[in-house]
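All remarks here apply to the structure that follows.
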Amino acid sequence: MIKSDQIKDGNFTGFSKETFGFLKELGENNSRKWFDANRRRYEDHVLIPMRALVEELGDFMLTIDPRFEISPAVNKTISRIYRDTRFSKDKSPYRNNMWITFKIRSKNWHDRPGYYFEIFPDWYRYGMGFYCAAPATMAKFREMIDEDPDEFKDAISFMKNGAFEMKGEDYKKIKGEDIPEEIRDWYRKKSFYLTCEGKKMENLFSGGLVDELIMGFGQSSSLYHYLCKVIDNVKRETASDKQF
């Protein structure tokens, strides 16, 4: 678990009431005409503070993993406001939520653990985990638990403080009936992620948000490194199989 006694001074001073007013109104007026007329509000009150937040957190995130992408740019650490409507029944062109992510640059980023922070018109959340772990990754994850359950228990010991909730879809066919109860739910997941729904709304409007995220991200770093070990073992075995 990573702890930080000193937080680097930066230029993130919080979001504004206008940030969440914009997101709310965008949800009610989801059209290109409205967005074009309000683009300056998006840039000033959503995009600029998002960039500042990434810059503020960047150095700390590199202490968790020096391979993280920390560029404060859209499509690198910051989500696009534009929705991909190609495969969705909802054809509204814009999101009324935004997020930042810290993950390793990789073509298979969905199968690697990463960190996220997300804002909505009236709430926020943050956490860590997989976007969509591959079956081979989860198979190795269960194998490692079988081999050394105590190592995994140590990796998730921070969960006892109740700040994070683990979420993800379960297998329809029950797995791990003989697994200890405290890790059984993890064993049954197709993929999973941690989430903490922010309770201190006032932090959104000050640098206190940085402190909150550093604490949460640091606490969960033990599980992040465990999941990286899972990925490394999968890659090692895959490379070994290709040699034969």
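The values are calculated or read from the model by the stated rules, or taken from the named source; none is laboratory data. Since the structure is predicted, the reported quantities are computational estimates derived from the model, not experimental observations. Heads up, the Cβs are rebuilt from the backbone with ideal geometry, glycines too, and the neighbour counts pull from every protein chain shown.
Could you list, ordered by first residue, the pairs with Cβ atoms under 7 Å in which the first is in the stretch 69-92 and modelled with pLDDT under 95 and the second is polar (S, T, N, Q), at least 6 apart or interchain?
R83/S92; K91/T85; S92/N30
Just to be sure before I move on: is Y193 touching an Asp or Glu at 6+ places or on another chain (Cβ under 8 Å), at pLDDT 95 or above and either over 30 Å from T19 (Cα atoms) or not hydrophobic (A, V, I, L, M, F, W, C) (or both) in the structure I sent? Don't jump to the end; show me each part of the working.
On the way: touching an Asp or Glu at 6+ places or on another chain (Cβ under 8 Å): no; at pLDDT 95 or above: yes; either over 30 Å from T19 (Cα atoms) or not hydrophobic (A, V, I, L, M, F, W, C) (or both): yes.
Answer is no for this residue.
Anything in the stretch 197-211 that is modelled with pLDDT of 95 or more and either aliphatic (A, V, I, L, M) or buried (at least 20 other Cβ atoms within 10 Å of the Cβ) (or both)? List them, or say none.
Within the stretch 197-211, L204, L209, V210 qualify.
Do we find that Y224 is touching a Phe, Trp or Tyr at 6+ places or on another chain (Cβ under 9 Å) and touching a residue at least 60 places away in the same chain (Cβ under 8 Å) in this structure? Steps first, answer last, please.
Working: touching a Phe, Trp or Tyr at 6+ places or on another chain (Cβ under 9 Å): yes; touching a residue at least 60 places away in the same chain (Cβ under 8 Å): yes.
The answer is yes for Y224.
Which members of the stretch 56-99 meet the condition of being part of a helix (DSSP H, G or I) and surrounded by fewer than 17 Cβ atoms within 10 Å (Cβ to Cβ)? Can you show your working first?
Just the residues of the stretch 56-99 that are part of a helix (DSSP H, G or I), to begin with: 56-64.
Those that are part of a helix (DSSP H, G or I) and surrounded by fewer than 17 Cβ atoms within 10 Å (Cβ to Cβ): D59, L62, T63.
Please determine whether any residue of the stretch 104-117 is crowded, with 18+ Cβ neighbours inside 10 Å, at pLDDT below 90 and either of a type outside the set (S, T, Y) or part of a helix (DSSP H, G or I) (or both). Before you say what the answer is, go through the steps one by one.
From the stretch 104-117, those crowded, with 18+ Cβ neighbours inside 10 Å are 111-117; that's our starting set.
Filter once more, so that each one left must be at pLDDT below 90: 111.
Narrowing the set further to residues that are either of a type outside the set (S, T, Y) or part of a helix (DSSP H, G or I) (or both) leaves 111.
For the stretch 104-117, residues crowded, with 18+ Cβ neighbours inside 10 Å, at pLDDT below 90 and either of a type outside the set (S, T, Y) or part of a helix (DSSP H, G or I) (or both): present.
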